[in-house]
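This report concerns only the one structure given below.
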Amino acid sequence: MSVSVDPASFRDPSGFVFRRDGVLYRQVQPRYGRDYDLLLGSGLYDTLADSGLLVRHREVDASAAISPGAYRVLEPEPVPFISYPYEWCFSQLKDAALATLQIQKTALGRGLGLKDASAYNVQFVAGRPVFIDTLSFERYEEGAPWAAYGQFCRHFLAPLALMSRVDIRQGQLLRLYVDGIPLDLVARLLPGSSKLNPGLLAHIHLHGGAQKRCGDGEAQRRSAGRTVSRTAILGLLDSLEGTIRKLNWQPEGTEWADYYGHTNYTDAAMEDKRRLVGEMLDAVSPAPRAVWDLGANTGAFSRVAAERGADVVAWDVDPAAVERNYLECRKSGATRILPLVQDLTSPSPGLGWASEERRSLLQRGPADAVLALALVHHLAIGNNVPLPAVARFLQDAGKWLIVEFVPKSDSQVRRLLASRPDVFDGYTREGFEAAFEPHFETVRTADVAGSQRSLFLLRARPMAAHIEGRDSAPHFN
Amino acid sequence: MQTAMPIVFIVGLLIITSAPAHAYIDPGSGSYMLQIGLAGILAAVFTLKTQWHRLRERTAVMIAAHNHGKKRHQG
């Protein structure tokens, strides 16, 4: 029997999350009993769960607790894949922000409120943002300001404003600041014209200034004895919602957004590749339930896996491609594809306390199957990663691998080499196969008709061979 | 020390009167101050907005009812 407390679940003394034999539980401590009863008794839990905004749970026997005196033990419905705000595209962060505000508004109507508004409390399940922290609700005290206002602005409004008004890449500041981007920094980074927007003026500029002056005794003296009415809190939420709804970003001009329009694939070659990927997925046994599509672009091949019943995480480095994929999934109601931003040349690391609160990319794997289509040449030539190191990484990422080899004679590789010396002597089909052989057993190879490219269906070797391979991994150049 | 006492008292009063029962994150006194400072205008704008929406809805219902009655009368 294995029991482990989730390393991210330590801040709130109301309870914590743990795993027992692979099953996720949430232990509710007695100090949270009153609020937990109110959450259920007020009907808020049912309202939010019915509308898909809050994760459902069932109460299990208290004997499942891992420490004595538990008030309740809950078994939440599982989330297929845990993602983080710095991996979301603009619209995912915006949808998560609006969901959080909707939850707070609904809670206020039932006499409760959110005591925290961390973006990490939201996950994407079946294509929609779902709040996963059941213990974030507390009784609303008449006259009290919203305790989570600062956190909401740091976690949601600040990155959205930067992504919309400055540069989409500034969303990555969330990776640096695990409790949200400091508002005084955001105020400095935003253009002066942002002060003309009443919402950004209040919630970023004035807010950042107020936080800086928080030690000012005069300001506190002037505010003494004053409270914030429920109507003012509703006004605050309305103002935040209006500000966020007006923040937009059009995915244009980034590196890969028009990739499929610029590939050298003919329609027939694309169709053949789609057929081969489908056949290779069908040959994976047991049928993969969790698939990672690395370098997914706008998800053409993610859909091939999703059609077969797999939950697919469609990773891409380009926020424009991820945005397009997410908007397309949202529009078509595709529930099995989760598009996320990921730079494979520097994958999401472990972050937060002891580097354990937010897990690295590989710690969230391995996937049952990985698609690495039109990817390896970008890593090996675009980023100088030796082929054996690429193979090792992909072995860590998944149990099965469908990988595409694109030779130097291909126009896409020629384009990569156009402005640089070719120092990649080992980048040949033979070098590719030799690099992957210590890590994978080859199950099938196939050439894509109408192109110079080849697909490989590979099964990862057991880890012992992998470690041995790692120690002796040669560099090919 | 004497001049600091009222400040300590006021800050203490703020904490006692406004901190939620189970807050475990630091809400930030700047965030509290801003909400207190903007409370009046936030409440006023929200109330006006809500009333305006209600007025528009009622007007739309009245116009629809009037048009419906007119059609029936004509028919």
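Coordinate-derived values only; no laboratory data. Just so it is clear, the model here is predicted, and its values are computed rather than measured. Cβ sites come from the backbone with ideal geometry, for glycine too, and all protein chains shown count toward neighbours.
For the protein assembly as shown, what number of Lys pairs, 8 or more residues apart or on separate chains, have alpha-carbon atoms under 29 Å from each other?
Going through the protein assembly as shown pair by pair, I get 27.
Using label points projected 7 Å from each Cα along Cα→Cβ, tell me how many nm separate residue A:213 and residue B:53, to one decimal.
According to this spin-label approximation, the distance is 3.2 nm.
Lys and Arg at +1, Asp and Glu at -1: add these up for the other residues within a Cβ distance under 12 Å of residue A:414 and post the number. Intermediate results must be reported in sequence, preceding the final value.
On the way: positive: A:408, A:415, A:420; negative: A:410, A:422.
Charge balance near residue A:414 sits at +1.
Between residue A:63 and residue A:11, what's the calculated FRET efficiency when r is the beta-carbon distance and R0 is 25 Å? Round to 0.05. If you can, show how the numbers build up before the last one.
Values: r = 26 Å, r/R0 = 1.05.
According to the calculation, E is roughly 0.45.
How large is ³J(HN,Hα) for each residue in region A:180-193, as worked out from phi by the Karplus curve 6.51 cos²θ - 1.76 cosθ + 1.60 (θ = phi - 60°), to whole Hz, x for Gly and Pro?
Coupling constants for region A:180-193: x, 7, x, 5, 5, 5, 4, 4, 6, 7, 6, x, x, 5 Hz.
Cβ under 11 Å from residue A:440's Cβ, residue A:440 left aside: what net charge do those residues give with Lys, Arg +1 and Asp, Glu -1?
Numbers: positive: A:392, A:399, A:459, A:461; negative: A:433, A:437, A:441.
After counting each charged neighbour, the total is +1.
Give me Rg over Rh for chain A, both radii from the alpha carbons and Rh done the Kirkwood way, two decimal places.
On the way: Rg = 24.7 Å, Rh = 24.4 Å.
For chain A, the value is 1.01.
So what's the angle, to the nearest 10 degrees on a 0 to 90 scale, between helix A:387-397 and the longest Cα principal axis of chain A?
Here the helix axis deviates by roughly 50 degrees.
Compute the whole-percent fraction of alpha carbon pairs in region A:3-76 spaced more than 14 Å apart. Intermediate values should be presented prior to the final figure.
On the way: 1683 of 2701 pairs.
Considering region A:3-76, 62 percent of its Cα-Cα pairs are separated by more than 14 Å.
Could you give me the ³J(HN,Hα) list for region A:343-354, computed from phi with Karplus coefficients 6.51, -1.76, 1.60 and θ = phi - 60°, whole Hz, x at Gly and Pro?
Per-residue couplings from phi come out as 9, 5, 6, 8, x, 3, x, x, 9, x, 4, 6 Hz.
Can you give the FRET efficiency to the nearest 0.05 for residue A:231 and residue A:330, using r as the Cβ-Cβ distance and R₀ = 30 Å? Don't skip to the end; give the middle numbers.
Numbers: r = 33 Å, r/R0 = 1.10.
Between residue A:231 and residue A:330 the formula returns 0.35.
Helix A:267-283 versus the longest principal axis of chain A: what angle, 0 to 90°, nearest 10, using Cα atoms?
80
For chain A, find the longest principal axis of its Cα atoms and tell me its angle to the long axis of helix A:90-109, 0 to 90°, nearest 10.
30
Among A:446, B:55, A:458, pick out the residue whose Cα is farthest towards the positive end of the charge dipole of the protein assembly as shown, where Lys and Arg carry +1 and Asp and Glu carry -1 on C-beta, about the Cα centre.
Farthest towards the positive pole: B:55.
How high is the relative contact order of region A:259-471, in percent, with contacts defined as C-alpha pairs under 8 Å that are six or more residues apart?
On the way: 358 pairs, mean separation 40.5, N = 213.
Once divided by the residue count of region A:259-471, the mean separation gives 19 percent.
Among A:251, A:190, A:140, whose Cα lies farthest out toward the positive end of the dipole of the protein assembly as shown, if unit charges sit on the beta carbon of Lys, Arg (+1) and Asp, Glu (-1)?
A:140
Quick one: dipole size for chain A, taken about the Cα centre, charges +1 on Lys/Arg Cβ and -1 on Asp/Glu Cβ, in debye to the nearest 20. Numbers along the way, then the final one.
Values: 54 positive and 56 negative charges, 256 e Å.
So the magnitude is around 1220 debye.
Within region A:138-168, which residues have the backbone N less than 19 Å from the label spot 7 Å out from residue A:177 along Cα→beta-carbon, could you tell me?
Counting backbone N atoms under 19 Å from the label point, the list is A:147-168.
Going by the alpha-carbon gyration tensor, a ≥ b ≥ c the square roots of its eigenvalues, is region A:259-471 rounded (a/c under 1.5) or, if a/c is not under 1.5, prolate (a/b greater than b/c) versus oblate? Walk me through the intermediate numbers first.
Details: a/c = 1.24, a/b = 1.05, b/c = 1.18.
Verdict is rounded for region A:259-471.
What does the net charge come to around residue A:41 if you take all other residues with beta carbon closer than 12 Å to its beta carbon, with K and R at +1 and D and E at -1?
Numbers: positive: A:34, A:110, A:139; negative: A:35, A:37, A:46.
Net of charged neighbours comes to 0.
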